[in-house]
1. Being at positive phi, touching a residue at least 24 places away in the same chain (Cβ under 8 Å), surrounded by 21 or more Cβ atoms within 10 Å (Cβ to Cβ) and within 21 Å of the chain's Cα centre (by Cα), is that true of even one residue in the range B:345-366?
2. On the given criteria, is B:Ile50 at pLDDT 95 or above, outside any helix (DSSP H, G or I) and touching a helix residue (DSSP H, G or I) at 6+ places or on another chain (Cβ under 7 Å)?
3. Being closer than 20 Å to B:Ser237 by Cβ and either touching a residue at least 60 places away in the same chain (Cβ under 8 Å) or away from every other protein chain (no Cβ under 14 Å) (or both) is the filter here, so list the residues in the range B:18-47 that pass it.
4. Within the range B:121-142, count every residue that is in a helix (DSSP H, G or I) and free of Cβ contacts under 8 Å to residues at least 60 places away in the same chain.
5. Might you check whether a residue that is part of a strand (DSSP E or B), under 18 Å from B:Arg23 (Cβ atoms) and facing chain B (nearest Cβ under 10 Å) occurs anywhere in the range A:25-33?
6. Which residues, taken from the range B:90-118, are under 24 Å from the mean Cα position of the chain (by Cα), in a strand (DSSP E or B) and of a type in the set (Val, Ile, Thr)?
7. Out of curiosity, is B:Asp336 under 16 Å from A:Tyr14 (Cβ atoms), of a type in the set (D, E, K, R) and either part of a strand (DSSP E or B) or without any contact (Cβ under 8 Å) to a residue 40 or more places away in the chain (or both)?
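The values are calculated or read from the model by the stated rules, or taken from the named source; none is laboratory data. Predicted model only: the values in this text are computed from it and were never measured. Positions of Cβ are generated from backbone atoms using ideal geometry, with glycine treated the same way; all protein chains shown enter the neighbour counts.
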Amino acid sequence: MLEITVDMTKCQHYGQCVFEAPNTFRLNDDDKLEYTATAVDGDEELIAAAADVCPMQAITFVRV
Amino acid sequence: MTERILIVGASLAGLRTAEALRRAGATASITVLGDEPHLPYNRPPLSKAILTGADTADTLQFPLRESVADVDWLLGSAAVDLDLDRARVTSADGTEHPFDQLVIATGVRARRVHTVAGRPRQCVIRTRDDVDQLRPQLQPGTRLVIIGNGLIGCETAASSRGLGVEVTVVGRSPLALERLFGRELAEIFAARHRDAGVATITAQVTDIVDLDEAPVQVHLDDGTVLTADVVVEAIGSEPNTDWLHGTGIDLRDGVAVDAGMRALRTDGSVVDDVFAVGDVASAPHPLAHGARRRIEHWNMPAEHAKRAAAVMVAPLAERDARARATVAPVPSMWTDQYQFHLLSYGLPALGDDMRLIESNDAGDRVYGAYRGDDLVGVVGLGMRSAVLARRAEVLHTMTRYGATA
């Protein structure tokens, strides 16, 4: 399983991650980022892609 | 058989290329040569969170994924020569680096016209070392003159005001950022800078006098002389292609490449096994109707890297076919100034009409840059979902342009 953390002090809700991993990241009605803190191992490429495209580099994840 | 891949440029573009090559199944050894002493790091925060002190430079390094664990990083040594006949790159320390495939990812450097490198009070902002030079000089009351009112100049002004620095911005265009964001958004940003106490002057710099034991004097073409404790020159960039002179590669604006990121000679022919990615690469883009242009947006290197890797791992006979497909990443950029966080897709500067698409009572607004009826860019202050939704429309324009290019 993957454990995902978004540093909300860095996040500016640019939403780039939403394009890469829409099942994990979404913008809510107030345009703020919301995310699911865990993902299955099979989604690692998607989560890594989301972390890579984050302009603030606010997304990290670990395998647990 | 490709046994040795050499990537020149230990940058975001270099890192993403190494990753993409492994993902595409490349089994060759990968060596990355970099002029800076650092592993690939994220540059955008240099003029923002690093300058304000919200973050420290050691947080900038990109994570190195397992896929690139076997990459050999040769740092702190710039490439100084490419010998295409012998397939070798020479670095500053005289070492020769042979390759079967070469990726040029040397990016750009800050352009210097009035300032001189090596003078402590004459700064630019492109690298960690640049900011290490500037940051300690920004103290409350420091008189900072910024030459250039583009994105880096404006971000530097905003970040410096937050530190209590006295900021004067000298720009050639009367309204900063107008070309990028359109008049109305540019006016909103200009008002914010004014409210924050940033002085702006529309003029050209003619000379900088920097004598020891005296403040720096910045002379302007209207006769004004500004007194500064430190100067930042932020007037754009220049591609790092000096080491490629004499190779026959088309270097009119960075490295000319085809849609497969393959380097082109001045006669338009492809240089087999030499590729370019990132800020240095001038690739055909659908928004420009297939014309080549360098797009220094942060998301482009990753897209270039994927395309280059797909072509690099293909047998020579199949590369033409893979390089023919249009490479069409939607350029994206952002800026953070004061509490303003602006997001943009496409190339708004290519539009001839900036129209308000949506706005709300909070002062958020989204503009579309149109060329005729075609949306070629979108710019939004706040209202993220609306901006993100318009990205698809920009992509649609690109698809149509690509189909007719």
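1. Looking through the range B:345-366, at least one residue is at positive phi, touching a residue at least 24 places away in the same chain (Cβ under 8 Å), surrounded by 21 or more Cβ atoms within 10 Å (Cβ to Cβ) and within 21 Å of the chain's Cα centre (by Cα).
2. For B:Ile50, the condition - at pLDDT 95 or above, outside any helix (DSSP H, G or I) and touching a helix residue (DSSP H, G or I) at 6+ places or on another chain (Cβ under 7 Å) - is not met.
3. Selection gives B:Gly34, B:Asp35, B:Glu36, B:His38, B:Tyr41, B:Arg43, B:Pro44, B:Leu46, B:Ser47.
4. Summing the residues that are in a helix (DSSP H, G or I) and free of Cβ contacts under 8 Å to residues at least 60 places away in the same chain in the range B:121-142 gives 2.
5. Among the residues of the range A:25-33, not one is part of a strand (DSSP E or B), under 18 Å from B:Arg23 (Cβ atoms) and facing chain B (nearest Cβ under 10 Å), which makes the answer no.
6. Correct list: B:Val103, B:Ile104, B:Val108.
7. Yes.
For every residue, the table says whether it meets (1) within 10 Å of chain B (Cβ to nearest Cβ); (2) surrounded by fewer than 16 Cβ atoms within 10 Å (Cβ to Cβ); (3) touching a Pro at 6+ places or on another chain (Cβ under 7 Å); (4) in a strand (DSSP E or B).
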{"position": "A:Cys11", "(1), (2), (3), (4)": "no, no, no, no"}
{"position": "A:Cys17", "(1), (2), (3), (4)": "no, no, no, no"}
{"position": "A:Asn23", "(1), (2), (3), (4)": "no, yes, no, no"}
{"position": "A:Asp43", "(1), (2), (3), (4)": "no, no, no, no"}
{"position": "A:Ile47", "(1), (2), (3), (4)": "no, no, no, no"}
{"position": "A:Val62", "(1), (2), (3), (4)": "no, yes, no, yes"}
